[in-house]
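Asks: Dropping the structure in here first, questions after.
The values are calculated or read from the model by the stated rules, or taken from the named source; none is laboratory data. Predicted model, so just to flag it, every value in this text is computed and none were measured. Cβ placement follows ideal geometry from the backbone for every residue including glycine, while neighbour counts extend to all protein chains displayed. All accessible areas refer to the heavy atoms of the entire protein, side chains included, with ligands and DNA or RNA removed. Shrake-Rupley method; radii C 1.70, N 1.55, O 1.52, S 1.80 Å.
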Amino acid sequence: MSVPNNRPLVVFDKVSKRFGEFVAVKALNFSIDAGEFIAIMGPSGCGKTTTLRMLAGLEQPTEGTIRINDQLMNNVKPHERDTPMVWQSLALFPFLNARENVEFGLKMRNQDAATRRAKALDWLERLGVAEFAERNVETLSGGQRQRVALARSLVTEPRMLLLDEPLSALDAHLVIRMQSVLTRLQRELGITFVYVTHSQSEAFAMADRVVIMSNGEIAQTGLPRDIYREPASRFVAEFVGLNNIISGKVIGSTDGIVSVDSPIGRFTVGSVSAAGGQGGSSVYRTGDQVTFVIAADLVEVSRPQPQADNVVVCSLISEEFIGSVVTLFLETSDGTELKVQIQERELETLDHTSGGTFYLSWRQGNAHLLPS
Amino acid sequence: MSTDQPVHRRRFSGYPLTWRLPIIFWQILFFVGPLLFMVAMSFFLVKNYRMVEAFEFKNWEKMLTRGYFWDSYFLTLILATLSTIVTSLLAFPAAFALAFKVSPSVRRWAIFLLVIPFFTSYLVRIFSWYVILAESGVINAMLATIGLGPYTMLNTKFGTLVGYMTLTLPLVMVLQTFALSNIDRNLVQAAHNLGCSPWRAVYTVIVPLAKTGLIVAALFCFILSFGDFVSPYYLGGSKPPTLPILIIDTTKSGQQWPRAAVVAVMMMVTLITIAFAALSLAYRKRASR
Amino acid sequence: MNWLSWGLRGYTLLLFVFVFAPIFFSVIFSFNSARFPTIPLESFTFHWYQTIWSDPDVWTAVRNSVVVSFCTSIIATFLGFCTAYTDYRYNFRFKGAYLALVLLPPTIPLIIMALAMLAWFSKIGASGQLWSIIIAHSVLTAPFAMAICRLRLNQMDGDLEAAAWNLGASEWRSMREVIVPFCKPAIVSSLFLTAAVSFDEFAISWFVSGLNKTVPVLILEIVQGNIDPQVNAIGTFVFLVSMTLVIIAQLFFTLRHSKVL
């Protein structure tokens, strides 16, 4: 299916996992290439962690097969695999010091004490925590523990590293720093990273490819940018980014331009996606119910009425100040809420505190029709 | 596309059984076995001072038709019930204080202290009480200095209760303290805010919320008192004997093990009945109004 | 309402006095020369300690008690640890029955256990041996060991064992390298606590010991005879032993991650 010449490192073939009545993962098909940084992302309970745990052998698929390197892995026990994992809880051994923690994997591979020690110190050095080698891991800070956990997983030089929400316990500024540490490491080592997260910013900042999961199924797979700009479903559009989702009826379709009649106005949307993605090939007939998406950061907001198509008249309800970016929440006369994201410095030109009418508009090409 | 059938068979592993089986074997051999054998033994016969395996109801007839058995039975029941009520009531204010009126570190220390006597020689403590409560003992000597007494405290129900409480009070205090500490303080605060007086709050909010723990504490108190032979023997004078003393007398004198087994089985039946009643009361859901 | 809360505290203190009075007086009277212990105290003496020191029966009983406690603590802790781990790690059918089987013994009156053990051991031809006491005590104390180990396992990061597998340790190896080291404080604590319980237990020991008396059985027999202040001396010694064991047990149990071990 994907990249026929270059054999993928991991192949999931119709993999399902049930816990009693609960279906955690449904007939999952996907593959991971060697050297790829792939992020599996979704809300809690979507099956992303179960997928990762199946890769590590901590759960057995109920149906289907998982192959790593063309080798059937279904009945291979966790310790017989080479799939080290960085845990959400880090799972450092509290009765061992930092160096002994890093040595653990080597000890299990029966390497001698001197080699173990040298390699462990080497990795602690590489991750910048060599000075804490003999310290009790309980006394280290979150960021330091994170690095020890990474060193522990990488010291055995695996071909693939699994990461289960490793940054979720860190402060925001440390997350950014660890993200660059992770991407740099992945590039230097050239190994596969499988990164599970619920955080869009982590996934998009680091991954070469993102898999979005929902209710045990893959909702979309693709490059971060494609997922961001061209969500394949309403779920993805709601989960990823900050999107305005507008539904309506098709009233006409010519040359790949679809006109939509919605409760808040008439709009035109391009039906051929720029990236040739999933939305492209559908044929829209008059009267069809369609939904399109316009990202909040692609919406222009102005006080004088703009000379453009796709204009909506709104009043301002509230604003959310995040830093350099501000999100405005606006409302049309029928109560539909719309979101706009603009630069903070643009805010002054709007004179937004005085109330009154705002005009939202967007370029036809920026709106994205969801596949029906 | 792979067409081979996925193999979902799990390899057999002895690992889980290694941890699961030892206690099963051990308990069946040395816990369930002895108890079942004891029940069987209550149907055995004793001929010429030797036990003969049989299935006869002679021992049951002999014991259950005798007045002295039923005297012992009701005495033991009454003493254990009395001990449960008295200990629970006496312990409650202290547990309340430990749960609500002191700092967590004081509470930890108090529990630490209360756990210690539970694991120290009960026998020696009872002997000590014997000396303290005696006619010329410490308490009467102290009372004499203010011109009171002497009071007879040994060989009375009072003496027995003191002994029972030596055994049960620390445990009941600990269990009650745990039960009360687990109450959500906000609920107590809410009761106060709604104009509930502190006294009312105790029996309308605190006791119902801690009900399960309080009943379990009382149940343990009952079981311990019901089965103890040291206090009624040394401090209570054992006239009439309680059921545990009856078991000892019957076993040690004349090798009448089967009859002792009858007494033991009767005790077990009583305890199981009471435990079930107590636990169903403890875990009963409140009737919805 | 301040007087009320001070009243409550005073009352609580009174109950503590009640709980510790027998221990306190036992120690005091063990150094008192009077034949019948009461107040006012007579002169200070080591006489009662000298008496028990020179009594060979006491020495035999101490030796028996040490052997019984030591063996009991090891068997009970092993059984308790296995069970705690099983409960922590696995779910299976009849798990409720399994746990009941393990946890019930302490709720059964000792005198009943004593009779049942006596009958059973004479049935299988094993009565009157030290190891019959050891077996009976292990049944009795295994639940305590189980509780201590289980509480420790509760404190364990749920991913720790899986993390060990993930790093290449087989189940057996992770038991040795992760679970046991993590539970070490609890295991030590359990060894001491079960030893303390066994050291003080007299009902079962009395029934099944035959001629191999342990210290509590000896006390029971002395007490049955007469008031003898020797008991206070032995009692003080017994308190000292069991309190030491219990305090060590508690210290280990509250030590969270003991590097000293």
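Asks: Give the Cα extents of the stretch C:61-168 along the principal axes, in whole Å, largest first.
Replies: 51, 33, 22
Asks: Further question: Work out the FRET efficiency for residue B:40 and residue C:42 from their Cβ-Cβ distance, taking R0 = 51 Å, and round it to the nearest 0.05. Could the numbers behind the result be given before it?
Replies: On the way: r = 55 Å, r/R0 = 1.08.
Taking R0 as 51 Å, the efficiency between residue B:40 and residue C:42 is 0.40.
Asks: Note the per residue figure in Å³ for the convex hull of the C-alpha positions in the stretch A:227-372. Mind dumping the intermediate values first?
Replies: Working: hull volume 16.1 nm³, N = 146.
It comes to 110 Å³ per residue, whole-number rounded.
Asks: Among the aspartates and glutamates, which have Cα under 14 Å from the Cα of residue A:17 when same-chain residues fewer than 8 positions away are ignored?
Replies: Cross-link targets: A:59, A:63, A:217.
Asks: With 20 Å bins from zero, work out the P(r) of chain A over every alpha carbon pair and list the percent per bin.
Replies: Binned Cα distances yield the sequence 25, 47, 25, 4.
Asks: At what distance in nm do the modelled label points of residue A:336 and residue C:74 sit from each other, each positioned 7 Å from its Cα along Cα→Cβ?
Replies: So the label points at residue A:336 and residue C:74 sit 8.0 nm apart.
Asks: Where does the charge balance sit around residue B:110 when Lys and Arg score +1, Asp and Glu -1, over other residues with C-beta under 14 Å from its C-beta?
Replies: Details: positive: B:101, B:107, B:108, C:9; negative: none.
Neighbour charge sum, excluding residue B:110 itself: +4.
Asks: Share of the protein assembly as shown's accessible area from carbon and sulfur, percent, 1.4 Å?
Replies: Values: 24550 of 41390 Å².
Looking at the protein assembly as shown in its full context, I get 59 percent from C and S.
Asks: Okay, moving on. Given the peptides B:216-223, A:261-268, B:234-241, arrange them by the average over their residues of other C-beta atoms within 10 Å, most packed first. Present the calculation step by step, with values, prior to reporting the outcome.
Replies: On the way: B:216-223: 23.1, A:261-268: 15.8, B:234-241: 19.5.
Ranking the peptides B:216-223, A:261-268, B:234-241 by packing returns B:216-223, B:234-241, A:261-268.
Asks: Show me, bin by bin at 10 Å from 0, the whole-percent P(r) of chain C based on Cα pairs.
Replies: Whole-percent P(r) values from 0 Å outward: 7, 23, 27, 23, 14, 5, 1, 0.
Asks: Measuring with a 1.4 Å probe in the full set of protein chains, what accessible area per residue, in whole Å², belongs to the protein assembly as shown?
Replies: I get 45 Å² per residue for this part.
Asks: Would you work out the relative contact order for the stretch C:1-145, in percent, from Cα pairs under 8 angstrom that are 6 or more residues apart? Mind dumping the intermediate values first?
Replies: Details: 72 pairs, mean separation 37.4, N = 145.
26 percent.
Asks: Using the basic label-point model (7 angstrom from Cα toward the beta carbon), what is the residue C:107 to residue B:55 distance in nanometres?
Replies: 3.0 nm
Asks: Over all residues in B:13-25, what is the mean tally of Cβ atoms on other chains that come within 10 Å of each residue's Cβ?
Replies: Other-chain Cβ atoms within 10 Å of each residue's Cβ, averaged: 6.
Asks: Quick one: order B:53, A:21, A:59 from most to least accessible surface, probe 1.4 Å.
Replies: Numbers: B:53 115, A:21 175, A:59 40 Å².
Final ranking, largest accessible area leading: A:21, B:53, A:59.
Asks: At q = 0.16, 0.22, 0.23 Å⁻¹, what log₁₀ I(q)/I(0) does a Debye calculation on the Cα points of the stretch C:140-229 give, no solvent, two decimals?
Replies: Log-scaled intensity ratios, in q order: -0.74, -1.02, -1.07.
Asks: First obtain the Kirkwood hydrodynamic radius of the stretch B:202-248 from its Cα pairs, then insert it into the Stokes-Einstein equation at 20 °C and 1.002 mPa s, and state the resulting D in µm² per second as a whole number. Walk me through the numbers before you get to the answer.
Replies: Details: Rh = 12.5 Å.
For the chosen part, D equals 172 µm²/s.
Asks: Amide H to amide H, which residues 5 or more places from residue C:32 or on other chains are under 5 Å from it, using H placed in the peptide plane?
Replies: The answer is C:45.
Asks: Oh, and also: Hey, any idea what Rg/Rh is for the stretch A:220-272, computing Rh the Kirkwood way over Cα pairs? Display every interim value, and only then the final one.
Replies: Values: Rg = 12.6 Å, Rh = 12.3 Å.
Checking Rg against Rh, the ratio lands at 1.02.
Asks: Most mobile of A:318, A:253, A:168 per a Gaussian network model of chain A (Cα springs, under 10 Å)?
Replies: Most flexible of the set in this elastic network: A:318.
Asks: Given 4 °C and 1.567 mPa s, how large is the Stokes-Einstein diffusion coefficient of the stretch A:138-250 in µm²/s, with Rh as the Kirkwood radius over Cα pairs?
Replies: Numbers: Rh = 15.8 Å.
Stokes-Einstein gives a translational diffusion coefficient of 82 µm²/s.
Asks: Just the Cα atoms of the stretch C:1-142: what Rg and Dmax do they give in Å?
Replies: 22.7, 66
Asks: To continue, here is another question. Given all pairs of different Cα atoms, what value in angstroms does the Kirkwood hydrodynamic radius of the stretch C:73-133 take?
Replies: Numbers: mean 1/r = 0.0734 Å⁻¹.
Hydrodynamic radius (Kirkwood, Cα only) of the stretch C:73-133 equals 13.6 Å.
Asks: Per the Kirkwood formula on distinct C-alpha pairs, the Rh of the stretch B:78-117 is how many angstrom? Before the final figure, lay out the partial values.
Replies: On the way: mean 1/r = 0.0889 Å⁻¹.
Its Kirkwood hydrodynamic radius stands at 11.2 Å.
Asks: If the convex hull of the alpha-carbon atoms of the stretch B:68-283 is projected onto planes in all directions, what is the mean projected area in square nanometres?
Replies: 14.7 nm²
Asks: Cα axis of helix C:215-225 to longest principal axis of chain C: angle in degrees, 0 to 90, nearest 10?
Replies: Value to nearest ten degrees: 30.
Asks: Going through the stretch B:54-118, which trypsin sites (Lys or Arg not before Pro) have at most 14 other Cβ atoms within 10 Å and a DSSP loop state?
Replies: Numbers: sites: B:58, B:62, B:66, B:101, B:107, B:108; in loops: B:66.
Passing both the DSSP loop test and the Cβ count: B:66.
Asks: What Kirkwood Rh does the stretch A:1-145 have if only Cα atoms enter the pairwise 1/r average? Answer in Å. The partial results should precede the final answer.
Replies: Values: mean 1/r = 0.0570 Å⁻¹.
About 17.5 Å, per the Kirkwood formula over Cα pairs.
Asks: How big is the B/C interface in buried accessible area, both sides summed, 1.4 Å probe, to the nearest 100 Å²?
Replies: Roughly 7700 Å².
Asks: Averaged across the residues of A:86-94, what count of C-beta atoms belonging to other chains lies within 10 Å of each residue's C-beta? Kindly include the intermediate steps, with their values, before the conclusion.
Replies: Working: counts 2, 7, 1, 5, 3, 12, 4, 9, 9.
Other-chain Cβ atoms within 10 Å of each residue's Cβ, averaged: 6.
Asks: Near residue B:51, within a Cβ-to-Cβ distance under 13 Å, what is the net charge of the other residues, with Lys and Arg +1 and Asp and Glu -1? Could you put the intermediate results ahead of the total?
Replies: On the way: positive: B:47, B:50, B:58, B:259, C:123; negative: B:53, B:56.
Net local charge, residue B:51 excluded: +3.
Asks: Rounded to the nearest 500 deg cm²/dmol, what is the calculated helix-only ellipticity per residue at 222 nm for the protein assembly as shown, with -39500 (n - 2.57) per DSSP H run of length n ≥ 4? Spell out each step's value before the answer.
Replies: Details: 34 runs with 466 residues, N = 922.
Computed ellipticity for the protein assembly as shown at 222 nm equals -16000 deg cm²/dmol.
Asks: May I pose another question? Could you give me the percent of Cα pairs per 10 Å distance bin for the stretch A:7-80, shortest bin first, beginning at zero and ending with the bin that holds the maximum distance?
Replies: 20, 54, 24, 1
Asks: Now for a separate question. Treat the stretch B:198-277 as a sphere of radius equal to its Kirkwood radius over Cα pairs and apply Stokes-Einstein at 25 °C in a medium of 0.890 mPa s; give the translational diffusion coefficient in µm²/s, rounded to a whole number. Working shown, then result.
Replies: Values: Rh = 14.8 Å.
Using the Kirkwood radius from Cα pairs, D works out to 165 µm²/s.
Asks: Continuing with this model, one more query. Which of the listed residues, C:132, C:216, C:174, is farthest toward the dipole's positive end in the stretch C:55-260, when Lys, Arg count +1 and Asp, Glu count -1 at the beta-carbon?
Replies: Result: C:174.
Asks: Which of the helices in chain B, when you take each full DSSP H run, stretch at least 18 Å along the axis at their Cα atoms and have an average Kyte-Doolittle score of -1.0 or higher?
Replies: Working: long enough: B:15-27 (20 Å, 0.34); B:67-96 (43 Å, 1.34); B:104-118 (22 Å, 1.23); B:157-181 (33 Å, 1.28); B:211-227 (24 Å, 1.94); B:257-282 (36 Å, 1.89).
Once both thresholds are applied, what remains is B:15-27, B:67-96, B:104-118, B:157-181, B:211-227, B:257-282.
Asks: Quick one: net charge around residue C:97, please, counting Lys, Arg +1 and Asp, Glu -1 for every other residue with C-beta under 14 Å from its C-beta.
Replies: Values: positive: B:20, C:93, C:95; negative: C:87.
Once all neighbours under 14 Å are counted, the net charge is +2.
Asks: Please compute, over every Cα-Cα pair in the protein assembly as shown, the percentage with a separation greater than 35 angstrom.
Replies: Values: 278658 of 424581 pairs.
Looking at the protein assembly as shown, the distances longer than 35 Å represent 66 percent of pairs.
Asks: Count, for each residue of C:9-19, the Cβ atoms from other chains sitting within 10 Å of its Cβ, then give me the mean as a whole number. All intermediate terms of the calculation are to be shown ahead of the outcome.
Replies: Working: counts 6, 1, 5, 12, 3, 2, 12, 8, 0, 6, 11.
Partner Cβ neighbours, averaged per residue: 6.
Asks: Using a 1.4 Å probe on the protein heavy atoms only, what accessible surface does residue B:151 show? Give it in Å² to the nearest 10.
Replies: The value for residue B:151 is about 110 Å².
Asks: Related question: Say we join alpha carbon atoms closer than 10 Å with springs in a Gaussian network model of chain B; which of B:249, B:184, B:71 then has the biggest fluctuation?
Replies: It is B:184.
Asks: Please identify, among B:44, B:69, B:57, the residue showing maximal mean-square fluctuation in a Gaussian network model of chain B using a 10 angstrom Cα cutoff.
Replies: In this elastic network of chain B, the residue with the biggest mean-square fluctuation among B:44, B:69, B:57 is B:57.
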